[in-house]
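Take a look at the structure below.
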Amino acid sequence: MAGARMETLMARTRMLSHRARTALRKSAVDYFRGDASDWLAFVGLLLTVPAIACGTIMLPVWFSPSALVLPIVAGGLLLRPASLLALYAASAAALIVEALVLGPYTLGPARVTPGTVLVVAACGFFGLVIAQFRSRVGVPWRRGGTMLFDLRERIRVQSKLPSLPRGWHREMALRPAGGQSFSGDFVVAARTNGGRTLEVVLTDVSGKGMEAGSRALLLSGAFGGLLGALPPHGFLPAANGYLLRQDWDEGFATSIHLVLDLETGDYELLSAGHLPALQLSAGTGRWQEKSGEGPLLGVYDGAEFEPARGNLRRGDVLMLFTDGLVETADRDISEGIDRLTGEADRYVAAGWDGAAWHLIEKVAKDVNDDRALLLIRRSP
């Protein structure tokens, strides 16, 4: 009988322990995501204030009165404004206690000076500004970084090129301005017509880097939904209409739409104010510009886009790129295109694996603009 009771007690203990661990883990996850209350961080930071005050009074050599800025700075990142004000009140009380116990600052070092009060007050002010900004936006800092990371990864996933059948090679490189994580250049691609046709859209949104990243994210999602859902000749008019409806101050973009038949190599290029594509002919070894005609996206309604047609024979290469790759303040577009084709000629004999990334490194490594390059090659 006693053994059965002991087993029952142990089973209940294990169950309670499991529930406690589950609740603690869920609370930690919710806190990281910003869904939980900040009471845990508040209590922890509140306890550090008297600990620092005691250390300053008892061990002034190791603890400075200005050490109170540590919980204040952490509170500015972790707490909501209401909790932060309570922490500030505790820190102010600790400063008063330290000043009374240690005596006037004129009697020697390691005392509460006016400079100490100013430093603590300044840190508290900036912490409160940050906390109020987070509260207004509604995204805690713990979740804010995760959201930015998620947005960046969504752009990368949407720009991923689909796999191509044997005999075709494709690669893309994208470099944001200033080494940032967000770019105003993006690619959306899909295989349509039962997988026989490859459709690729390379777009350059007005602006660069972070200032264009949010618009690029919105447009990449919309363009990805339109691609394949409309006939090829209907894509750019629909994209133009979508951009006009946004009513942005800088609401224009350039775009080039490639429609490639993967069985015959025939293609169409429809351009909305974008730079021409470049085709390398394996037979002659020369580059030729290919471009359709059409206005910028988001300028006026009813725009028409005339395609340019061509064919990729075996060994041919088609290159799409944005203006950041070939245009700078001290170099015009034609000179940049000549430099790009000159560097690209080096890969004709060596093979094109990794060529997109290396071409950006060689041609426009330190340019303060977004750069994107797409290569499509039909194997010999």
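The values are calculated or read from the model by the stated rules, or taken from the named source; none is laboratory data. What you are looking at is a predicted structure, and each value in this text was computed from that prediction instead of being measured. Note: ideal-geometry Cβ built from the backbone for every residue, glycine included; neighbour counts use all protein chains shown. Keep in mind that these areas ignore ligands, DNA and RNA; they rest on the heavy atoms of the full protein, side chains included. Shrake-Rupley method; radii C 1.70, N 1.55, O 1.52, S 1.80 Å.
Separation between the Ser379 and His233 pseudo-spin-labels, each 7 Å from Cα along Cα→Cβ, expressed in nm?
3.5
Tell me, what ³J(HN,Hα) does each residue in region 319-334 have, in order and in whole Hz, if you take phi through Karplus 6.51 cos²θ - 1.76 cosθ + 1.60 with θ = phi - 60° and put x for Gly and Pro?
The phi angles translate into 10, 10, 7, 9, 5, x, 7, 10, 10, 9, 5, 10, 8, 7, 5, 4 Hz.
I'd like to check one number: the per residue accessible area of region 166-319, probe 1.4 Å, reported in Å² as a whole number.
42
Pull out the extension gain between Arg286 and Asp332, defined as 0.36 nm times the separation in residues minus the alpha carbon to alpha carbon distance; nm, one decimal.
Net length gain for the segment: 14.5 nm.
Can you figure out the FRET efficiency of Glu263 with Asp366, using R₀ = 30 Å and their beta-carbon distance, to the nearest 0.05? Walk me through the intermediate numbers first.
Values: r = 41 Å, r/R0 = 1.38.
It comes out at approximately 0.15.
Per the 1.4 Å probe, what fraction of the accessible area of region 252-328, in percent, lies on carbon and sulfur atoms?
On the way: 1330 of 3090 Å².
Reported share for carbon and sulfur atoms: 43 percent.
Quick one: order Met319, Met58, Met172, Met15 from most to least accessible surface, probe 1.4 Å.
Heavy-atom accessible area, descending, gives Met58, Met15, Met172, Met319.
Work from the charge dipole of region 293-358 (Cβ charges, +1 for Lys and Arg, -1 for Asp and Glu, about the Cα centre) and give the residue of Thr328, Tyr300, Thr341 farthest towards its positive end.
About the Cα centre, the residue reaching furthest to the positive side is Thr341.
Quick check: pseudo-label points 7 Å beyond the Cα along Cα→Cβ at Leu59 and Met15, how many nm apart are they?
Taking the simple label geometry, Leu59 and Met15 are separated by 4.7 nm.
From the convex hull of the Cα coordinates of region 252-358, what is the mean projected area in square nanometres?
The number I arrive at for region 252-358 is 7.8 nm².
How much net charge surrounds Gly228 when only other residues with a Cβ under 12 Å from its Cβ are counted (Lys, Arg +1; Asp, Glu -1)? Walk me through the intermediate numbers first.
Values: positive: Arg191; negative: Glu199.
Cβ neighbours under 12 Å give a net charge of 0.
What FRET efficiency comes out for the pair Val348/Asp301, r = Cβ-Cβ distance, R0 = 41 Å, nearest 0.05? Intermediate values should be presented prior to the final figure.
On the way: r = 44 Å, r/R0 = 1.07.
Once the sixth-power term is evaluated, E becomes 0.40.
Calculate, in nm to one decimal, what Val129 and Glu250 gain on full extension: separation in residues at 0.36 nm each, minus their alpha carbon distance. Intermediate results must be reported in sequence, preceding the final value.
On the way: separation 121, 0.36 × 121 = 43.56 nm, distance 2.96 nm.
Extending this stretch completely gives an extra 40.6 nm.
Take Leu375, Leu296 and sort them by solvent-accessible surface of the protein heavy atoms, 1.4 Å probe, largest at the top.
These residues rank, largest area first, as Leu296, Leu375.
For a quick check of your reading of the filter: which chymotrypsin sites (Phe, Trp or Tyr not before Pro) in region 36-134 sit in a DSSP loop and have no more than 11 other Cβ atoms within 10 Å?
On the way: sites: Trp39, Phe42, Trp62, Phe63, Tyr88, Tyr105, Phe125, Phe126, Phe133; in loops: Trp62, Phe63.
For chymotrypsin sites (Phe, Trp or Tyr not before Pro) across region 36-134 that sit outside H, G, I, E and B with at most 11 neighbouring Cβ atoms in 10 Å, the list reads Trp62.
Hey, got a sec? Which GluC sites (Glu not before Pro) in region 235-302 land in a DSSP loop and have at most 14 other Cβ atoms within 10 Å?
Listed in order of number, the matching sites are Glu250, Glu263.
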